[in-house]
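The values are calculated or read from the model by the stated rules, or taken from the named source; none is laboratory data. Computed from a prediction, not measured in an experiment: that's the story for all the values here. Cβ atoms come from the backbone with ideal geometry, glycine included; neighbour counts cover every protein chain shown. Heads up: the accessible areas ignore ligands, DNA and RNA and are worked out on the full protein's heavy atoms, side chains in. Shrake-Rupley method; radii C 1.70, N 1.55, O 1.52, S 1.80 Å.
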Amino acid sequence: MNEQELAALVAKIVQEQMGNTTSVASPSGDMVPVGVSNRHIHLSQEDFEVLFGKGATMTHLKDLSQPGQFACKEVMTIVGPGGAIERVRLLGPARKQTQVEVSVADCFKLGIQAPLRDSGDLAGSAPITIVGPKGTVTAPEGCIIAVKHIHMHTSDAARLGLKDKDKVNVQTCTERGLIFLEVLVRVSDKFKLEMHVDMDEANAASLKNGDMVKILGKS
């Protein structure tokens, strides 16, 4: 059985078991590219200057797929009660509140219980310490496991019949084909169409950057 046949079989089984007949697009219009997110850090400008020095600025390394977002040359160490992870990449630009995104596997190493959250939903999230070359920041909250989500431009959402905060089921088309349930849809005129998964999710489904997945319908 090749990958295409496997993907079709998985979709058929899911439709039968879930009774999900909702379609959000034509067969050629509901494919979404994948971006795999490794652990990373977003910093407020205040915390950035504590870690890298007063007046320091973020050093652009490369643009990311989402417009206006970029990876920085700066890396840091994150520390929890159970251990530390070195060389965690900073992503820019600066945010209002510092946020650290990790995987479930990272949580075991750090000895923390980070909640599964949408980006920016930090109230009551896990504390984390960040160590930079010039200082240390201990955030009482701000460490999360990001929920799997799809960034959509408003034009893509209109074409697919979706809106911000909808949830959809998504089928992978790899040799370890599986279905991701309740994938959060995030819509903005600043977004580019892409599904984001973390390293744990990517490894489970043998996904890599640029792979395509298929939206099956609303959850």
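Summed over region 98-114, residues that are touching an Asp or Glu at 6+ places or on another chain (Cβ under 9 Å) and surrounded by fewer than 16 Cβ atoms within 10 Å (Cβ to Cβ) total 2. Taken over region 33-92, the criterion of being in contact with a helix residue (DSSP H, G or I) (Cβ under 9 Å, 6 or more places away or on another chain), open to solvent by 20 Å² or more (accessible area, probe 1.4 Å) and at negative phi is satisfied by V36, S37, N38, R39, A56, T57, M58, E74, V79, P81, G82, A84.
Can you tell me which residue among R176, R159, R117 is basic (K, R) and in contact with a helix residue (DSSP H, G or I) (Cβ under 6 Å, 6 or more places away or on another chain)?
R176
Looking at region 163-208 only, could you name the residues that are in contact with a Pro (Cβ under 8 Å, 6 or more places away or on another chain) and either open to solvent by 50 Å² or more (accessible area, probe 1.4 Å) or among the hydrophobic types (A, V, I, L, M, F, W, C) (or both)? Those that are in contact with a Pro (Cβ under 8 Å, 6 or more places away or on another chain) and either open to solvent by 50 Å² or more (accessible area, probe 1.4 Å) or among the hydrophobic types (A, V, I, L, M, F, W, C) (or both): K190, F191, K192, L193, M195.
Out of V183, V197, V213, one residue alone is free of Cβ contacts under 8 Å to residues at least 40 places away in the same chain and of a type in the set (V, I, T). It is V183.
From the list K62, K12, K54, the lone residue that is at pLDDT below 95 and either of a type outside the set (F, W, Y) or in contact with a strand residue (DSSP E or B) (Cβ under 6 Å, 6 or more places away or on another chain) (or both) is K12. Annotation note: Cβ proximity below 6 Å between a residue of region 70-88 that is farther than 11 Å from D106 by Cα and hydroxyl-bearing (S, T, Y) and a residue that is open to solvent by 20 Å² or more (accessible area, probe 1.4 Å) and in a strand (DSSP E or B) (sequence gap 6+ or interchain) occurs for T77/A84; T77/E86; T77/V131. Scanning region 158-169 for residues that are under 19 Å from F180 (Cα atoms) and either in contact with a Lys or Arg (Cβ under 6 Å, 6 or more places away or on another chain) or free of Cβ contacts under 8 Å to residues at least 60 places away in the same chain (or both) yields K163, D164, K165, D166, K167, V168. Does K148 meet the test of being modelled with pLDDT of 95 or more and under 24 Å from V100 (Cβ atoms)? It is true that K148 is modelled with pLDDT of 95 or more and under 24 Å from V100 (Cβ atoms). Just a yes or no: is a residue in region 131-143 over 23 Å from D106 (Cα atoms), at pLDDT below 95 and open to solvent by 50 Å² or more (accessible area, probe 1.4 Å)? Looking for residues that are over 23 Å from D106 (Cα atoms), at pLDDT below 95 and open to solvent by 50 Å² or more (accessible area, probe 1.4 Å), one finds none in region 131-143, hence no.
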